[in-house]
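See structure below.
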Amino acid sequence: MKEFTASVVKEFRHIFRDRRTILIAMVMPVVQIILFGFAVSTEVNDVRVAVCGDLADPAVRNLVDRIDNNRYLSVSGSLSSPSEITGVFRRNEADAAVCFGRNFGENLAPSGRAQVRIIGDGSDPNTAQMITGYLKGVIQSEQTEAEVAFAGEGERKASMAPVVQLMYNPAMKSSYNFVPGVMGLILMLICTMMTSVSIVREKETGTLELLLVSPVKPLWIILSKMIPYLVLSAVNFATILLLSHYVMEVPINGSLLLLCFAALVFVVTSLALGLLISVISPNQRTALLICGMGLTMPTMIFSGIIFPCESMPEVLQWFSDIIPAKWFIIIVKKVMIQGTGLVSAAKEMTILAGMAALLLAVSIKSFRTRLQ
């Protein structure tokens with residue numbers, strides 16, 4: 001029994017001496033439960049609602065105030081015409097719009113034919129369904145109170161059953177949501193995994209010394225490693241795009257040239273990230289482990305593929321901003337589904353280009369350090 005006890009004590013000492021084991025066994029579960037508890041949420045918070053109607057009408061004003069006081073909703077502005085809704089969605093100034101018919105208050109009772117429309121952004125059908133559900137709940141509460149008031153006056157029941165309309169995706173096809181996300185996830189993982197083993201493979205095979213003594217500058221070595229994989233990634237993107245359009249029936253409403261340029265910038269960013277991993281990794285196994293475990297889960301959670309980033313705490317939203325796939329997915333939705341141009345996607349394109357330049361610069365600097 002003493003030998004058994006001594007063996008158990010010895011194993012405990014080995015575990016506590018190994019910081020990596022303690023990190024995996026004790027710290028990682030805490031980090032995961034915090035991340036999953038706050039990031040994995042199906043709720044949609046801070047929904048921006050644009051209002052179109054006669055705000056001087058007391059019934060309209062009362063319903064707008066009710067929307068603005070809802071914990072999930074806030075009124076972002078008023079529109080003079082329903083034709084402005086498309087521009088508001090494309091500029092990302094609102095997540096939904098509520099349009100009131102003419103003479104809304106007068107038609108509420110006794111005729112009971114007050115017209116109200118809820119218009120959502122169908123490029124993300126899951127989020128749009130939740131947002132329209134919130135708005136329908138608010139309108140239903142208002143209708144219930146109005147029915148009680150009018151019943152006391154002996155008038156007909158008030159009726160303001162909203163008509164729900166989803167722009168860009170009236171058929172509510174789920175492929176409009178998951179295809180852009182899967183496209184970004186596949187390109188990022190394949191690109192990073194392909195390039196993450198390029199330089200570290202040279203270390204393991206012993207051919208890195210040939211590169212070190214060659215007159216080729218680190219910049220050209222890095223670019224020479226990137227270009228073949230860039231060509232292969234272009235073929236992958238073309239294949240994915242053809243399957244998305246002709247098999248999944250996801251439309252390309254915007255410029256195909258702009259979409260291809262955005263994919264090029266995103267692929268370069270992903271390849272540069274893979275090269276950085278290859279430079280800092282001691283062996284191929286470590287590089288693949290970083291790409292597989294270190295990129296797959298954060299990309300799926302924090303890029304908006306499954307859960308909306310806007311619903312996460314502000315700290316996690318900042319973390320999601322460093323995920324390149326997040327910005328590419330936003331561009332794909334804007335160009336393919338909403339049909340917007342370069343002006344609407346300029347912010348995301350600039351961020352991706354900046355990430356690509358930064359990652360390339362860090363990779364080259366790290367490679368120079370190893371040359372010394």
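Summary of values
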read-out	value
Residue match in the range 330-341 (condition: open to solvent by less than 20 Å² (accessible area, probe 1.4 Å), in a helix (DSSP H, G or I), over 23 Å from residue 169 (Cβ atoms) and touching a Phe, Trp or Tyr at 6+ places or on another chain (Cβ under 7 Å))	no
Residue, least open to solvent (accessible area, probe 1.4 Å), within the range 287-321, restricted to residues that are without any contact (Cβ under 8 Å) to a residue 24 or more places away in the chain and within 27 Å of residue 201 (Cβ to Cβ)	294
Residue tally, condition touching a residue at least 40 places away in the same chain (Cβ under 8 Å) and under 13 Å from residue 162 (Cα atoms), over the range 85-138	19
Selection within the range 266-284 - in a helix (DSSP H, G or I), polar (S, T, N, Q) and either within 18 Å of residue 365 (Cβ to Cβ) or open to solvent by less than 10 Å² (accessible area, probe 1.4 Å) (or both)	269, 270, 278
Criterion: in contact with a strand residue (DSSP E or B) (Cβ under 7 Å, 6 or more places away or on another chain), of a type in the set (A, V, I, L, M) and either in a helix (DSSP H, G or I) or modelled with pLDDT of 85 or more (or both) - qualifying residue of 60, 31, 27, 8	60
Hits in the range 241-259 (condition: closer than 18 Å to residue 176 by Cα and either in a helix (DSSP H, G or I) or in contact with a Cys (Cβ under 8 Å, 6 or more places away or on another chain) (or both))	241, 242, 243, 244, 245, 246, 256, 259
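For every residue, the table says whether it meets (1) farther than 21 Å from residue 171 by Cα; (2) assigned to a helix (DSSP H, G or I); (3) modelled with pLDDT of 85 or more.
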| residue | (1), (2), (3) |
| --- | --- |
| 239 | yes, yes, yes |
| 264 | yes, yes, yes |
| 286 | yes, yes, no |
| 299 | yes, yes, no |
| 304 | yes, no, no |
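The values are calculated or read from the model by the stated rules, or taken from the named source; none is laboratory data. Keep in mind the model is a prediction, meaning the values are calculated, not measured. Please note: Cβ atoms are built from the backbone with ideal geometry, for glycine as well, and neighbour counts cover all protein chains shown. SASA here: full protein model, heavy atoms, side chains in, ligands and nucleic acids out. Shrake-Rupley method; radii C 1.70, N 1.55, O 1.52, S 1.80 Å.
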